[in-house]
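Enquirer: Got a structure here, written out as structure tokens. Questions coming.
A short reminder: the numbers here are calculations on the coordinates, not readings from a lab. Since the model is a prediction, treat every value here as computed from it, not as a measurement. As a convention, Cβ positions derive from the backbone with ideal geometry for all residues, glycine included, and neighbour counts pool all protein chains shown.
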Amino acid sequence: MSKKMDYNYIMLVLDSEKLQTHRMRTFNLPPRRRFTTPAAALKFINMRGFIYFWPIKGIDLPSLWIAVAGNRPVADKRDDPGHITWGWKDNALDKKIWYYGKILRKKATMISLEVAPYFYALSENYGSPEEDYLIAYEEGRLPQSAKQVYETLLNEGSLNTLDLRKAAKLANAKDSEFNKALEVLQADFKILPVGVAQAGAWKYSHIYEIVPRHFPKLPEQARKIGESAARTKLLELYFESVGAATESDAAKLFGWKKELLVRAIAGLVQKKVIVESEHPKQRGKWLALAKLVS
């Protein structure tokens, strides 16, 4: 079949109006009513599977901020009405109603408990919490500072940020080194914030714990999920949220190796969940939900 007769390549064009309507629903954009309760936030997260807490520049993904405050930049003023989301998040850290941590691109991500095992299945956690981090460290995948933080939590239990830094013998380390350790461990589902303590100059400090102690069923739930199935599930949820995106958009969000991402995309195309299409205003190949092209 010639390229001109290739239906997927030429004939399908992304419908901008359909995409806009789709995102009004999945991002909860005006004129839809803004969320005003934690219950509505939980329903939103469960429906989308995973969202950002705040919008991230250069990344299209629903966020709690936009769903509550509208499609505007995150306010600098602490008393902005949109910052009610901060209290919702903090109050829920120990409730186990969703999974929260710096995951996608090491930014604050909220994940439904149903979807969390799919993320965990793609992490560098394979067996015992007491052994996985040592293997990662020995293979050069875990910085020394992250090893110290994890070992401290593993041996001493949950700690707030200030006490954790001292106990991990990182009190004299640069802030950037300690913060990077926290981010690396969160992104690989090794630790997560489980509460807030009134500690430090601002009387605000996250309390951290290792993931298997806070969510003891998560490793076993993830063990039943293959990596290919996990990528397919997460990628499908991504497209259900954004409607359409390029391969590079997906790569930027998930950070998967190109061959693995291409394989996951091919699987969704084969199942006709998404189709290759052209954007009416932008160059390059786009991938879109079948219902959004014409």
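Enquirer: Among the listed residues PHE215, PHE178, which satisfies the condition of being surrounded by 17 or more Cβ atoms within 10 Å (Cβ to Cβ) and in contact (Cβ under 8 Å) with a residue 60 or more places away in the chain? Don't jump to the end; show me each part of the working.
Expert: Working: PHE178 fails: in contact (Cβ under 8 Å) with a residue 60 or more places away in the chain.
Sole residue among the options that is surrounded by 17 or more Cβ atoms within 10 Å (Cβ to Cβ) and in contact (Cβ under 8 Å) with a residue 60 or more places away in the chain: PHE215.
Enquirer: Among the numbered criteria (1) in contact (Cβ under 8 Å) with a residue 12 or more places away in the chain; (2) over 25 Å from LYS217 (Cα atoms); (3) outside any helix (DSSP H, G or I), which one does LEU122 miss?
Expert: The one condition LEU122 does not meet is (2).
Enquirer: Let me ask something additional. Name the residue, out of GLU209, GLU139, that is surrounded by fewer than 18 Cβ atoms within 10 Å (Cβ to Cβ) and of a type in the set (Asp, Glu). Lay out the reasoning, then the answer.
Expert: Values: GLU209 fails: surrounded by fewer than 18 Cβ atoms within 10 Å (Cβ to Cβ).
Matching residue, one of GLU209, GLU139: GLU139.
Enquirer: If you don't mind, there's one more thing I want to ask. Tell me, which helices (runs of 4 or more DSSP H) wholly within the range 13-79 include 1 or more residues that are in contact with a Pro (Cβ under 7 Å, 6 or more places away or on another chain) and among the polar types (S, T, N, Q)?
Expert: Here the list reads 16-26.
Enquirer: Right, another one. How many residues are in contact (Cβ under 8 Å) with a residue 60 or more places away in the chain and among the polar types (S, T, N, Q) if we restrict to the range 255-294?
Expert: 2
Enquirer: Next up: Which residue is surrounded by the fewest Cβ atoms within 10 Å (Cβ to Cβ), if the candidates are limited to the range 266-294 and must be among the charged types (D, E, K, R) and in a strand (DSSP E or B)? First the steps, then the outcome.
Expert: Taking the range 266-294 and keeping what is among the charged types (D, E, K, R), we get 271-272, 276, 278, 281, 283, 285, 291.
Applying the additional criterion that residues be in a strand (DSSP E or B) yields 276, 278, 285.
Working: GLU276: 18, GLU278: 18, LYS285: 12.
Selected residue: LYS285.
Enquirer: Scan the range 104-117 and give yes if some residue there is crowded, with 22+ Cβ neighbours inside 10 Å, among the polar types (S, T, N, Q) and touching a Gly at 6+ places or on another chain (Cβ under 8 Å), otherwise no. Spell out the reasoning first.
Expert: First, the residues of the range 104-117 that are crowded, with 22+ Cβ neighbours inside 10 Å: 104, 109-111, 116-117.
Next, only the ones that are among the polar types (S, T, N, Q) stay: 109.
Still in the list and also touching a Gly at 6+ places or on another chain (Cβ under 8 Å): 109.
Scanning the range 104-117, I find at least one residue that is crowded, with 22+ Cβ neighbours inside 10 Å, among the polar types (S, T, N, Q) and touching a Gly at 6+ places or on another chain (Cβ under 8 Å), so the answer is yes.
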